[in-house]
Amino acid sequence: KDDFRIKYEVLSKDFTDLKEKNSELNKLASESRAMKDELDILRHTSEQLAKSESTIELYKKKLEDLSDLRGQMKMLEEKNTKYMQQQIEMEEVVIFYHNSFIFVFLWF
């Protein structure tokens, strides 16, 4: 009888220890699943971040190109103004010679 009682107490203690260990392992498994879910979310966020960074780089390049184009446009506007001024001056010369020719023609 004493042997059975001792065996019972040992088995009972082992059972209690195993229940505690099982509870601890279940808790760790639950934490592991939560961490896996968080890791999946972080991976997705990382992928979105990489795409966003790529898009930002593309927009930076476009802004640089736009800046270059604005510089070219300003230069072309200055050339256009210069050419328009030259055209006005040439037209004034033509009008002057035309009027001079008419005056000389009428004078004779």
Of the candidates Met73, Thr55, Gln87, the farthest towards the positive dipole end of the chain (Lys/Arg Cβ +1, Asp/Glu Cβ -1, centred on the Cα centre) is Thr55
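Ignoring ligands, DNA and RNA, what percent of the accessible area of the chain is carbon or sulfur (1.4 Å)?
Its accessible area is 62 percent carbon and sulfur atoms.
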With all protein chains in place and a 1.4 Å probe, Glu20 shows an accessible area in Å² (nearest 10) of 120 Å²
Treating only Lys and Arg (+1) and Asp and Glu (-1) as charged, each at its beta carbon, one finds that the chain has a dipole about its Cα centre, in Debye to the nearest 20, of 380 debye
Expected unfolding gain across Gln48-Thr81 under the 0.36 nm per residue rule, minus the alpha-carbon gap, is 7.0 nm
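The values are calculated or read from the model by the stated rules, or taken from the named source; none is laboratory data. All figures in this text were calculated on a predicted structure; none of them were measured in a lab. In this analysis, Cβ positions are derived from the backbone assuming ideal geometry, glycine residues included, and neighbour counts consider all displayed protein chains. Note: areas computed on protein heavy atoms with side chains; ligands, DNA, RNA excluded. Shrake-Rupley method; radii C 1.70, N 1.55, O 1.52, S 1.80 Å.
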